[in-house]
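Q: Right, I'll just put the structure down here and ask away after.
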Amino acid sequence: MRVVAHISDLHFGMEDERIVEGLLEDLPGFHPSVVVISGDLTQRARKKQFEAAGAFIRKIPVPYLVVPGNHDIPFYDFVRRALTPLRRYRHYITADLNPVFKDDELMILGANTARAAAFKNGRISMAQIKFLADKFCVAEGHLFKVLVTHHPFLPPLDNPYASLVGRGDLAVQALEPCGLDLLLAGHYHRSYMGDLRSHYIAEKRSIIVAQAGTATSKRTRGEKNSYDRIIIDPPNICFDRYAWDGRRFAKTLTTQYKKVNGAWQSRPQNIHETRSQAFR
Ligand SMILES: [Fe+2]
Ligand SMILES: [Fe+2]
């Protein structure tokens with residue numbers, strides 16, 4: 001069994017300090033194997049914002065895997081945007097734009113989908129797809145395989161034409177045979193989940209998509225700030241959503257998936273059900 005914390009869209013520069021503190025208090029408590037941060041660490045990619053984001057990340061007491069978002073590329077500084085779009089991200093956060101986390105049960109790969117030319121939209125390159133497929137396909141078959149991007153592969157249910165990561169269809173085609181199990185992303189500041197096949201109808205493999213809301217930004221777009229705790233225990237996987245209630249993060253939704261005959265089947269749980277009930 002592995003526990004993953006998924007946080008996204010921190011937006012330092014537009015962050016709520018109390019929520020940042022609440023998040024840092026929460027993270028050690030459930031002993032995650034790794035904290036996944038799916039982009040938009042800053043509001044406008046400014047130096048002070050990256051310094052604050054970097055200071056936050058260094059306080060995370062366990063390994064983390066991070067990818068940049070569109071907000072981590074300067075928006076108004078056209079020269080920096082064109083010539084060195086991710087220089088500050090590389091300096092203050094990490095120079096690794098192809099991060100990997102791997103242990104005995106879990107393989108998580110991150111891919112940078114932020115592009116200066118695409119403004120708020122993002123895409124994945126053919127070189128990245130090849131890199132990801134090479135890694136996933138040669139990894140041991142028993143590993144639970146996760147891909148992290150900033151831009152989503154699945155639109156919100158109420159906005160089926162929302163823009164998705166460019167070349168997402170090609171990435172899915174390449175990674176499906178490699179045993180990809182889970183896609184984690186952010187960007188829309190909306191938390192929602194689903195089976196990838198609900199959108200990529202040509203795909204055969206059942207792959208879960210879990211979109212995180214914004215953990216700490218004041219721009220919440222109608223949803224409370226939240227993060228997800230993911231308990232991976234194949235053939236079960238359980239998502240606990242923790243939302244900020246004004247004083248602390250409180251568990252508001254548990255969604256359990258079980259893989260039955262090759263397909264992930266979900267059932268929202270009452271939050272008062274115990275963990276043992278959730279896995280029954
Ligand atoms: Fe964002
Ligand atoms: Fe974004």
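Q: Determine which single condition G262 fails, assuming it passes every other condition in (1) touching a residue at least 40 places away in the same chain (Cβ under 8 Å); (2) in contact with a Ser or Thr (Cβ under 8 Å, 6 or more places away or on another chain); (3) surrounded by 15 or more Cβ atoms within 10 Å (Cβ to Cβ).
A: Of the numbered conditions (1) touching a residue at least 40 places away in the same chain (Cβ under 8 Å); (2) in contact with a Ser or Thr (Cβ under 8 Å, 6 or more places away or on another chain); (3) surrounded by 15 or more Cβ atoms within 10 Å (Cβ to Cβ), the odd one out for G262 is (3).
Q: Right, here's the next one. Give all pairs with beta carbons closer than 8 Å in which a residue from the range 115-144 that is under 23 Å from I232 (Cα atoms) meets a residue that is modelled with pLDDT of 95 or more and among the acidic types (D, E); count only pairs at least 6 apart in sequence or on separate chains.
A: H142/E105; L143/E105; F144/E105; F144/D181
Q: Search the range 23-33 for residues being surrounded by fewer than 16 Cβ atoms within 10 Å (Cβ to Cβ) and not in a loop (DSSP other than H, G, I, E, B), and hand back the single one that is nearest to ligand 1 (Cβ to nearest atom).
A: We begin by selecting, within the range 23-33, every residue surrounded by fewer than 16 Cβ atoms within 10 Å (Cβ to Cβ); these are 24-25, 28-31.
Pick out the ones that are also not in a loop (DSSP other than H, G, I, E, B) and you get 24-25, 28-30.
Values: L24: 20, E25: 23, P28: 25, G29: 25, F30: 24 Å.
The residue in question is L24.
Q: Here's another thing I want to ask about it. Which residue pairs have Cβ atoms under 8 Å apart, sit 6 or more places apart or on different chains, and have a first residue in the range 66-88 that is touching a residue at least 12 places away in the same chain (Cβ under 8 Å) and acidic (D, E) and a second that is away from ligand 1 (no atom under 16 Å from the Cβ) and not in a loop (DSSP other than H, G, I, E, B)?
A: Cβ pairs passing all conditions: D72/R88.
Here is a yes/no grid of residues against (1) crowded, with 24+ Cβ neighbours inside 10 Å; (2) within 15 Å of the chain's Cα centre (by Cα); (3) not aromatic (F, W, Y); (4) not in a strand (DSSP E or B):
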| position | (1), (2), (3), (4) |
| --- | --- |
| V4 | yes, yes, yes, no |
| R18 | no, no, yes, yes |
| E21 | no, no, yes, yes |
| V35 | no, yes, yes, no |
| R44 | no, no, yes, yes |
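Q: Looking at the range 6-16, which of its residues are aliphatic (A, V, I, L, M) and either in a helix (DSSP H, G or I) or under 18 Å from R44 (Cα atoms) (or both)?
A: L10, M14
Q: Given A116, A133, which one is over 17 Å from the mean Cα position of the chain (by Cα), hydrophobic (A, V, I, L, M, F, W, C) and within 14 Å of ligand 2 (Cβ to nearest atom)? Reasoning before the result, please.
A: Details: A133 fails: within 14 Å of ligand 2 (Cβ to nearest atom).
Exactly one of A116, A133 is over 17 Å from the mean Cα position of the chain (by Cα), hydrophobic (A, V, I, L, M, F, W, C) and within 14 Å of ligand 2 (Cβ to nearest atom), namely A116.
Q: Another question, if that's okay. Go through (1) buried (at least 19 other Cβ atoms within 10 Å of the Cβ); (2) within 29 Å of Q256 (Cβ to Cβ); (3) among the polar types (S, T, N, Q) and name the single condition Q128 misses.
A: For Q128, the failing item is (2).
Q: Within the range 138-151, does at least one residue satisfy the condition of being touching a helix residue (DSSP H, G or I) at 6+ places or on another chain (Cβ under 6 Å), surrounded by 19 or more Cβ atoms within 10 Å (Cβ to Cβ) and modelled with pLDDT of 95 or more? Working first, answer last.
A: Residues of the range 138-151 touching a helix residue (DSSP H, G or I) at 6+ places or on another chain (Cβ under 6 Å): 145.
Next cut, surrounded by 19 or more Cβ atoms within 10 Å (Cβ to Cβ) only: 145.
In the following step, the residues that additionally are modelled with pLDDT of 95 or more were identified as 145.
Within the range 138-151 (the criterion being touching a helix residue (DSSP H, G or I) at 6+ places or on another chain (Cβ under 6 Å), surrounded by 19 or more Cβ atoms within 10 Å (Cβ to Cβ) and modelled with pLDDT of 95 or more), the answer is yes, since at least one residue qualifies.
Q: Consider L41 against the criteria (1) touching a residue at least 60 places away in the same chain (Cβ under 8 Å); (2) within 14 Å of ligand 2 (Cβ to nearest atom): it satisfies all of them except one. Which criterion is unmet?
A: Single failed check for L41: (1).
Q: Is it true that some residue in the range 107-119 is within 16 Å of ligand 1 (Cβ to nearest atom), modelled with pLDDT under 95, within 19 Å of L170 (Cα to Cα) and assigned to a helix (DSSP H, G or I)? Don't jump to the end; show me each part of the working.
A: Restricting attention to the range 107-119, the residues satisfying the condition of being within 16 Å of ligand 1 (Cβ to nearest atom) are 112-115, 118-119.
Those still in the list that are modelled with pLDDT under 95 too: 115, 118-119.
Those still in the list that are within 19 Å of L170 (Cα to Cα) too: 115, 118.
This time we only want the ones that are assigned to a helix (DSSP H, G or I), so: 118.
There is at least one residue in the range 107-119 that is within 16 Å of ligand 1 (Cβ to nearest atom), modelled with pLDDT under 95, within 19 Å of L170 (Cα to Cα) and assigned to a helix (DSSP H, G or I).
Q: Find the residue count for the range 46-74, including only residues that are surrounded by fewer than 16 Cβ atoms within 10 Å (Cβ to Cβ) and hydrophobic (A, V, I, L, M, F, W, C).
A: 2
Q: Can you find, within the range 54-85, the residue that is modelled with the lowest pLDDT among those that are out of contact with any His (no Cβ under 9 Å at 6 or more places or on another chain) and within 16 Å of ligand 1 (Cβ to nearest atom)? Show your work before the answer.
A: Just the residues of the range 54-85 that are out of contact with any His (no Cβ under 9 Å at 6 or more places or on another chain), to begin with: 55-61, 63-66, 73-85.
If we keep only those that are within 16 Å of ligand 1 (Cβ to nearest atom) too, we end up with 56, 66, 73-75.
Numbers: F56: 97, V66: 98, I73: 95, P74: 91, F75: 83.
Among those residues, the one meeting the criterion is F75.
The values are calculated or read from the model by the stated rules, or taken from the named source; none is laboratory data. What you see is a predicted model, and the numbers here were worked out from it, not measured in a lab. When we count neighbours, we look across all protein chains shown, and the Cβ atoms used for this are built from the backbone with ideal geometry, even at glycine.
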